[in-house]
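All remarks here apply to the structure that follows.
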Amino acid sequence: MTAKLEIVERLGEHAVLLPGLIAKGLAANDRLKLRLSLLQEAAMQARAPSIAPRRFEEERRSAGLDDPAFDRLVADARAIEPGRIHLPGVSALLAGVAGDLEAMLEPLSAGGSGTADELAARLARLVADLPDGGDDMLAPAAIEALAAASRDGRDTVHLLVMDLHKALNRLAAETAAEELDGARVHGLDDESRGAVRAFMRGLNRTKPLAFGHPGLDTTAVKAGERLTIQNDIGTTDAHVLVVHVDPGSVTVTYTDIHRQRAKFFMSLFEGRGVTWSPMAEQRGDGLSEDVFYLMTGRHGAADAVDRDTFLEFLGSRIVFLIDWNKARKALQAFVGRAVAIDLLTYGAREDFGHRAFLELGGGSLIHEAVHRIAAGRIPYGVRLDSALGEEACAEFLRNVLRDTAQGLSAGRTSRLIRDEIQADLSRRFETAEGAVLTVLVRHLGLTRMLASSIADVVAAPGLGTAGERRDLALRGKRLEEKADGLTVAAREVASRLREADALRPVIDQIEDATDCLEDGAFLIGLVPPDLAAALASPALARLADIVTDSCGQMVRAVEAATRLPQGQRADALAALQAIDAVAMAERAADVAERECYASLVSVPSGDARVLLLGRDVARALETATDQLLHAALALRDRVLEELSA
């Protein structure tokens, strides 16, 4: 004989009463949790009376605590003296604790639960020790003794409520008259059957995303006009979802020990017409750190279709609460807390969830990929989002949530899923390295623009007009400042990657080349009108053209290098050819510089400024080609390394 049949047989004539007793017990559970929340919130208000008090009208009405005097308990709570708090109405609040505990125990005793005697003994001890709240005064320590949820050897009302609730859920499941789409149900009429079917439709759609994790058991009881649907979510004592379906409304009562998970759950219903009660912090001196949060959401159901649509969506969201905090902590090893929560929200919104990610190892899954793909690319101690960039890292982790869920659902092997994740990470590091080169291409574009402007001026008869020379100096300064910003950006990206050490000399030398050209433009801007003709020479014009060509070849080399991760040998050859052209330009610049010197000394002049300015302009232009060659040779090492990989 099954356990259910044995219980039904033992019940005898009491069996017909059991569904009603269970429903009353579940209602008492709601009231008890609200009583504890009111006490904790009142203690917080007493310590910080300047903060606007939280209002509990919605939760109070939903739980059946109809006396509006309870609203004053929080609003008017005041610390009278150390160790004593004035709580208006606390004696009435505490007076109902014993009755609610008895209401939770009654169906267990009637149903012959094996834990009823033990729970009854605990209830008697705790009721005997209940404070009476005389004169509406209570000590913070008394509130902690009631509300603490830590199983550290002492018993509390909160712990008893949780254990009674678990026993009630077991009893409801064992004595259910029937099973409806996976839910154990009591005394349903046709209307409530439709509501339960809608809830279970959503739950069963996403339940496979739990990937075998225990939990999600559902019971439903109809008492009077109210349908109560309960889901155990997982295995945590204080993690409970209770849904009350009344004519014209659906009320969701949710308790959680994790504040962030509770906020996440509420966020899942944005745009779904749910009004949530405020959720306030319930921690502080004199209260246990191990508390729970209770919040109530109400959805006004226009009709049965609207009600069932909401219930179906509600049922589909519950799986995303299982192991949520574990997943958040795993993700926070790679990104900040806010981003980790955004990732979990994305997983729920897209119906991927996070259980597959945890099933395949969670954080160790990512650590393995980083070790295999990026061990030599990330400096020691640098977090993944710092190495890849926050958005690129978030996108990678979104793909991890998606690929693990879709992979396990499709029956792909864990090895294949791991390989796909590692391949994605490898592509992203290549993209990050390519980002450095992309910034350098932009930087070199500015450098070439400056070199071309210099070439235009020195090629003009008499070095152009005085105004053109001054404009060149100003233009050189503006371009150099823009280039400095790109240098900072390139260094910031490179700082994330260990392998980018090979690119840092390229960044530095290109910056130095730009600085040299800006110096040359500045010096040309200083040339007075009476000396301009003496400084102008074909050799100087040729040197400026060589610098411009060297910049252009360097642009081609870096552009080709950005395509190397795609494995195109032609791009590697193009990069090497352009690098060789930069080397040839440097040698040609050496010759042109000497020709400039020869031109300067061949023309007699009584003004030393001619020789001084002419020498320094030529030296600045030639030095720019030296710096570009150093950058090209550093890039050559990176190209050859890529080819040998």
For residues in segment 490-503 being within 20 Å of residue 446 (Cα to Cα) and surrounded by fewer than 18 Cβ atoms within 10 Å (Cβ to Cβ), which is modelled with the highest pLDDT?
-> 491
Counting only residues that are closer than 18 Å to residue 226 by Cα, under 42 Å from the mean Cα position of the chain (by Cα) and in a loop (DSSP other than H, G, I, E, B), how many does segment 174-187 have?
-> 1
State which residue pairs qualify: first residue not assigned by TED's automatic domain parsing to the domain that holds residue 638 and inside segment 572-590, second residue surrounded by 22 or more Cβ atoms within 10 Å (Cβ to Cβ) and of a type in the set (A, V, I, L, M, F, W, C) in any location, beta carbons under 7 Å apart, and separation of 6 or more residues or different chains.
-> none
Could you look through segment 15-73, keep only residues that are free of Cβ contacts under 8 Å to residues at least 24 places away in the same chain and of a type in the set (A, V, I, L, M, F, W, C), and pick out the one that is surrounded by the most Cβ atoms within 10 Å (Cβ to Cβ)?
-> 69
Within segment 598-632, track down each residue that is of a type in the set (A, V, I, L, M, F, W, C) and within 25 Å of residue 582 (Cα to Cα).
-> 598, 617, 618, 620, 621, 624, 628, 629, 631, 632
Pair list, Cβ < 8 Å and 6+ apart or interchain, from segment 250-265 residues that are within 19 Å of residue 337 (Cα to Cα) to residues that are charged (D, E, K, R) | 257/290; 259/281; 260/328; 260/337; 261/328; 262/256; 265/256; 265/317
Looking only at segment 303-325, count how many residues are out of contact with any Gly (no Cβ under 8 Å at 6 or more places or on another chain) and not basic (Lys, Arg).
-> 7
Would you mind finding the one in 483, 490, 473 that is under 11 Å from residue 436 (Cα atoms) and assigned to a helix (DSSP H, G or I)?
-> 490
State whether the residues of segment 458-468 include one that is under 22 Å from residue 616 (Cβ atoms), assigned to a helix (DSSP H, G or I) and among the acidic types (Asp, Glu).
-> yes
Could you list, in sequence order, the residues of segment 389-403 that are among the small types (Gly, Ala, Ser) and over 11 Å from residue 346 (Cα atoms)?
-> 389, 392
Go through segment 579-612 and give me each residue that's among the acidic types (Asp, Glu) and under 58 Å from the mean Cα position of the chain (by Cα).
-> 580, 586, 590, 593
Is at least one residue of segment 201-223 of a type in the set (Ser, Thr, Tyr) and surrounded by 23 or more Cβ atoms within 10 Å (Cβ to Cβ)?
-> yes
Among (1) of a type outside the set (A, V, I, L, M, F, W, C); (2) crowded, with 18+ Cβ neighbours inside 10 Å; (3) modelled with pLDDT of 90 or more - the single one residue 253 does not satisfy = (3)
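May I ask you to verify whether residue 46 is assigned by TED's automatic domain parsing to the domain that holds residue 256, among the small types (Gly, Ala, Ser) and touching a helix residue (DSSP H, G or I) at 6+ places or on another chain (Cβ under 7 Å)?
Against the criterion (assigned by TED's automatic domain parsing to the domain that holds residue 256, among the small types (Gly, Ala, Ser) and touching a helix residue (DSSP H, G or I) at 6+ places or on another chain (Cβ under 7 Å)), residue 46 does not qualify.
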Long-range neighbours under 6 Å by Cβ, at least six apart or interchain, first residue acidic (Asp, Glu) within segment 420-434, second at pLDDT 70 or above and assigned to a helix (DSSP H, G or I) = 420/403; 424/399
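Any idea how many residues of segment 136-158 are without any contact (Cβ under 8 Å) to a residue 24 or more places away in the chain and outside any loop (DSSP other than H, G, I, E, B)?
Selection size over segment 136-158: 2.
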Return a yes/no flag: does segment 495-507 have any residue that is of a type in the set (S, T, N, Q), under 24 Å from residue 614 (Cα atoms) and out of contact with any His (no Cβ under 7 Å at 6 or more places or on another chain).
-> no
Among residues of segment 599-625, those that are assigned to a helix (DSSP H, G or I), within 21 Å of residue 541 (Cα to Cα) and either in contact (Cβ under 8 Å) with a residue 60 or more places away in the chain or hydrophobic (A, V, I, L, M, F, W, C) (or both), counted | 18
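Yes or no, residue by residue, for (1) of a type in the set (Lys, Arg); (2) in contact with a Pro (Cβ under 9 Å, 6 or more places away or on another chain); (3) surrounded by fewer than 16 Cβ atoms within 10 Å (Cβ to Cβ):
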position	(1), (2), (3)
109	no, no, yes
123	no, no, no
132	no, no, yes
145	no, yes, no
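Residue-by-condition table, conditions (1) over 30 Å from residue 359 (Cβ atoms); (2) in the same structural domain as residue 33 (by TED's automatic domain parsing); (3) out of contact with any helix residue (DSSP H, G or I) (no Cβ under 9 Å at 6 or more places or on another chain):
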site	(1), (2), (3)
181	no, yes, no
188	yes, yes, no
193	yes, yes, yes
200	no, yes, no
205	no, yes, no
225	yes, yes, yes
232	no, yes, no
243	no, yes, no
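The values are calculated or read from the model by the stated rules, or taken from the named source; none is laboratory data. The structure presented is a predicted model; accordingly, all values stated were derived computationally and were not measured. Glycine gets a Cβ as well: all are built from the backbone with ideal geometry, and neighbour counts include every protein chain shown.
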